[in-house]
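Inspection log for the structure reproduced underneath, given as structure tokens.
The values are calculated or read from the model by the stated rules, or taken from the named source; none is laboratory data. This is a predicted model, so every value here is computed, not measured. As a convention, Cβ positions derive from the backbone with ideal geometry for all residues, glycine included, and neighbour counts pool all protein chains shown.
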């Protein structure tokens, strides 16, 4: 379970960042940034925060709403950043993930002394000190909160996209290459939101 040990190593503002949506064939990659300005937050938040992939959709939605309330109270700073499918095609998914993270930190409106990044890749040209944390969303409250922000926000975007482009199952598969998605590609072709640099999508463009 996450805790504040990594945050407590630094005297200053610590931001946690994480992304959602590297694997899908369609839509943007999203990143969340979360900063705890106070530890005096809703107890349900700290009891339930964890790697977003380990939580039910209902629990993620509940935590997302609690995070927004903490931001309104001023106990947290939050930001969400996106990099579009076109940007992913142009600069590749890794660099697009870093770009989304940078945008999320800028949206949070903080100047962190340290950014805790989930994973093992150090973002280039970031402008802040970075510490990478493997499986960080299960270790740090800040990263766990960021992972919830990114995942819930992106899932909601994909539900909107499903209304715009019905027939691909985006509301259920979030853009991953499921059977319903492949059937949609066969029937309706590639949408403007598809990542054309991804091999399975390239096959459908031929």
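Among the residues of the stretch 1-23, those that are farther than 14 Å from residue 144 by Cα and either loosely packed, with under 12 Cβ neighbours inside 10 Å or in contact with a helix residue (DSSP H, G or I) (Cβ under 8 Å, 6 or more places away or on another chain) (or both) comprise 8, 9, 11, 12, 21, 22. How about the stretch 115-129: which of its residues are surrounded by 20 or more Cβ atoms within 10 Å (Cβ to Cβ) and either within 12 Å of the chain's Cα centre (by Cα) or more than 24 Å from residue 54 (Cα to Cα) (or both)? Residues satisfying the conditions are 117, 118, 123. Residue count for the stretch 109-125, restricted to those that are in contact with a strand residue (DSSP E or B) (Cβ under 7 Å, 6 or more places away or on another chain) and either assigned to a loop (DSSP other than H, G, I, E, B) or more than 12 Å from residue 14 (Cβ to Cβ) (or both): 10. Of the residues examined, residue 66 is not one that is under 16 Å from the mean Cα position of the chain (by Cα) and at pLDDT 95 or above.
Quick check: is even one residue across the stretch 73-84 over 16 Å from the mean Cα position of the chain (by Cα), in contact (Cβ under 8 Å) with a residue 40 or more places away in the chain and under 20 Å from residue 21 (Cα atoms)? For the stretch 73-84, residues over 16 Å from the mean Cα position of the chain (by Cα), in contact (Cβ under 8 Å) with a residue 40 or more places away in the chain and under 20 Å from residue 21 (Cα atoms): absent. Taking every residue in the stretch 186-206 that is more than 15 Å from residue 29 (Cβ to Cβ) and pairing it with any residue that is assigned to a helix (DSSP H, G or I) and at pLDDT 95 or above, at least 6 positions away or on another chain, the pairs with Cβ-Cβ distances below 7 Å are 190/201; 204/185.
In a residue-by-residue description of the stretch 150-163, the property of being in a loop (DSSP other than H, G, I, E, B) and over 11 Å from residue 15 (Cβ atoms) applies to no position. The set of residues in the stretch 161-197 being under 21 Å from the mean Cα position of the chain (by Cα) and surrounded by 18 or more Cβ atoms within 10 Å (Cβ to Cβ) consists of 161, 162, 169, 170, 173, 174, 175, 193, 194, 195. From the list 84, 97, 140, the lone residue that is surrounded by 20 or more Cβ atoms within 10 Å (Cβ to Cβ) and more than 22 Å from residue 38 (Cβ to Cβ) is 97.
Among the residues making up the stretch 155-181, a single one is in contact with a helix residue (DSSP H, G or I) (Cβ under 8 Å, 6 or more places away or on another chain) and over 26 Å from residue 64 (Cβ atoms): 167. Here residue 31 fulfils each of the conditions (1) touching a strand residue (DSSP E or B) at 6+ places or on another chain (Cβ under 8 Å); (2) closer than 29 Å to residue 173 by Cβ; (3) surrounded by fewer than 24 Cβ atoms within 10 Å (Cβ to Cβ); (4) touching a residue at least 60 places away in the same chain (Cβ under 8 Å) apart from (3).
For the stretch 99-134, filtered to residues that are in contact with a helix residue (DSSP H, G or I) (Cβ under 9 Å, 6 or more places away or on another chain) and on the phi > 0 side of the Ramachandran plot, the residue that is modelled with the highest pLDDT is 119.
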